[in-house]
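J.: One structure, as structure tokens, below. Some questions next.
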Amino acid sequence: MKVQKFGGSSLADGKRIKKTLQIVLDEKTNHYVVLSAMKGITNLLVEASKNAEKGNSDYKLQLLDITKRHRSVIEELFPTEKRSSINEKINYLLDELKDILHGVELVQECSLRTKDLIMSFGERLNCSIVAEYFNSTGHPSQMIDAREIIITDDNYGSSNVFLQKSYKKIKERLENTGQIYIITGFISGSEKGITTTLGRNGSDYTAAIIGAAMESETVEIWTDVDGVLTADPRVVHNSFVIPYLSIEEAMELSYFGAEVIHPYTLMPTIEKNIPVIIKNTLNTKAKGTIISKNSVNRERAITGIASIDNVSFINVEGGGMLGIPGIASSIFSALADAEVNIIMITQASSEHSICIVCRTIEVEKAIYHLNKRLEYEIKTKKINRIDVKNDLEIIAVIGENMKGMTGISGKLFSSLGDSGINILAIAQGSSERNISFVIESSDKNTALNTIHKTFIG
Ligand code: ADP
Ligand code: ASP
Ligand code: MG
């Protein structure tokens, strides 16, 4: 059996949903289909919740937009006489969403928990329509609300999945009945039954969890590009498909911003040795990218390049840090207290400064906790300053073949130097699979294109 996941880009309108049905039916195996919200709907839900929180009634415009988009898909998919039962279901969901948003407008407060609930409507609306459509074409289908089978903690916004508990629930719920299961991606439920989510782009992860639970042969991620490409195609126009990727390379690429797969996707599938295949709904003939444990023979040193936008750099500096054990530990504890995710760390051997890179939205709380935790060191001048620099970008150059190969960094940084790009910090893991560095955001396009041209062609 296979699990097939279709992203928002594959579900933009009625025509694409029809295409999805064709792809599902082309498979003769059992059907486990994970769906995201329709393209752009989760963003509209986020915008609506932000407006409602500000007490701004503009959220009604987003609600209207969401309603129109779903209504027009219903019109495309169902003849008039078959629309009433699906419209009833949709109206029920839309009324509930309207009430929740009105509640947020009244109290002018939207917690992460409420935001998760609001975002869940995208997947729930879409899966209701698609399951009904598949049924109407004579293919028995059942919508499964993943909040009942994917169990998480209550870390709203990006919850941690209790895998074993979830696997048990999934196996109990998804019996082998021959019908098509249409499973909501992205959304999950806490042990108390409260709606949670797996983080933006999380439907890929849902598919991997279902695949691991059901021990499927493969997990297919259907999207709008021919596979994992050597770089983000929106920035590097001559990027091309990487036919085979090792799990480690794929994880590094996704972690460093190749949004074609969610970074957690490969965790459940590695354990069960299930290959993940990226395919294009708009070009089904393309072979896609296969991500598996198999080693990959490739001539070039660099497999792909990825980048993370909107990061900041925190530099903790002071003469008193030299040779004193424990300062790094205090810095990392402070950031752990602040629940800040550190993306990159560098320390020069002079030990005079430690540089941490995190997302810009987390910088304020990071600084607050650093000042609190390092109060004594700051007072006694062991630490002279904590500086922040915003509007930065992390670029990661990834490839198994870099291991033990000499001259890569030299060539990399001279090509960037020749293009006039200033590097603010550099890190290389001991796996030698990844070289990451920080540049100004305004240099991103030039940097990605320069590296692609130099190493990938
Ligand atoms: P979906 O809606 O199917 O989940 P996403 O928008 O999440 O699709 O991911 C697909 C998009 O990821 C592509 O359209 C492409 O613009 C972007 N992308 C960024 N980096 C890469 C990469 N290295 N390879 C392929 N796509 C990439
Ligand atoms: N709909 C969710 C999002 O836009 C999840 C996903 O697309 O994977 O983030
Ligand atoms: Mg996605």
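The values are calculated or read from the model by the stated rules, or taken from the named source; none is laboratory data. Nothing here was measured: the structure is a model prediction, and the numbers come from that model. Positions of Cβ are backbone-derived with ideal geometry, glycine not excepted, and every protein chain shown enters the neighbour counts. Remember, those area values only see protein heavy atoms, side chains included, never the ligands or the DNA or RNA. Shrake-Rupley method; radii C 1.70, N 1.55, O 1.52, S 1.80 Å.
Yes/no matrix, rows are residues, columns are (1) of a type in the set (D, E, K, R); (2) at pLDDT 95 or above; (3) surrounded by 14 or more Cβ atoms within 10 Å (Cβ to Cβ):
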residue: 22; (1), (2), (3): no, no, no
residue: 31; (1), (2), (3): no, no, yes
residue: 39; (1), (2), (3): yes, yes, yes
residue: 60; (1), (2), (3): yes, yes, yes
residue: 63; (1), (2), (3): no, yes, yes
residue: 77; (1), (2), (3): no, yes, yes
residue: 81; (1), (2), (3): yes, no, no
residue: 85; (1), (2), (3): no, no, no
residue: 88; (1), (2), (3): yes, no, no
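J.: Quick test of your reading of the structure: residue 225 fulfils all but one of (1) closer than 27 Å to residue 144 by Cβ; (2) open to solvent by less than 50 Å² (accessible area, probe 1.4 Å); (3) touching a residue at least 24 places away in the same chain (Cβ under 8 Å). Name the failing condition by number.
T.: (1)
J.: Looking only at segment 211-249, count how many residues are aliphatic (A, V, I, L, M) and touching a helix residue (DSSP H, G or I) at 6+ places or on another chain (Cβ under 6 Å).
T.: Count: 8.
J.: Another question, if that's okay. Collect the residues in segment 227-267 that are under 16 Å from residue 307 (Cβ atoms), within 14 Å of ligand 3 (Cβ to nearest atom) and hydroxyl-bearing (Ser, Thr, Tyr), keeping them in residue-number order.
T.: Passing the criteria: only 254.
J.: Sticking with this structure for a sec: Just a yes or no: is a residue in segment 351-368 touching a Lys or Arg at 6+ places or on another chain (Cβ under 6 Å) and either in a helix (DSSP H, G or I) or within 17 Å of residue 256 (Cα to Cα) (or both)?
T.: no
J.: Something else now. Residue pairs, Cβ under 6 Å, 6 or more apart or interchain, first in segment 30-44 and within 11 Å of residue 4 (Cα to Cα), second within 11 Å of ligand 3 (Cβ to nearest atom) and in a loop (DSSP other than H, G, I, E, B). List them.
T.: Listed pairs, sorted by first residue: 34/185; 35/185.
J.: Condition (residue is in contact with a strand residue (DSSP E or B) (Cβ under 7 Å, 6 or more places away or on another chain) and part of a loop (DSSP other than H, G, I, E, B)) applied to segment 376-388: is it met by at least one residue?
T.: Looking through segment 376-388, at least one residue is in contact with a strand residue (DSSP E or B) (Cβ under 7 Å, 6 or more places away or on another chain) and part of a loop (DSSP other than H, G, I, E, B).
J.: Note down all Cβ pairs under 7 Å where the first residue falls in segment 243-270 and is more than 18 Å from residue 296 (Cβ to Cβ), the second is more than 15 Å from ligand 2 (Cβ to nearest atom) and β-branched (Val, Ile, Thr), and they're at least six residues apart or on different chains.
T.: Between residues of segment 243-270 that are more than 18 Å from residue 296 (Cβ to Cβ) and residues that are more than 15 Å from ligand 2 (Cβ to nearest atom) and β-branched (Val, Ile, Thr), the close pairs are 256/308; 256/394; 257/308.
J.: Considering only segment 205-214, I want to know if a residue exists there that is open to solvent by 10 Å² or more (accessible area, probe 1.4 Å) and either more than 16 Å from ligand 2 (Cβ to nearest atom) or small (Gly, Ala, Ser) (or both).
T.: Yes - at least one qualifying residue is present in segment 205-214.
J.: For segment 21-38, does any single residue satisfy the condition of being assigned to a helix (DSSP H, G or I), at negative phi and within 22 Å of the chain's Cα centre (by Cα)?
T.: No, every residue in segment 21-38 fails to be assigned to a helix (DSSP H, G or I), at negative phi and within 22 Å of the chain's Cα centre (by Cα).
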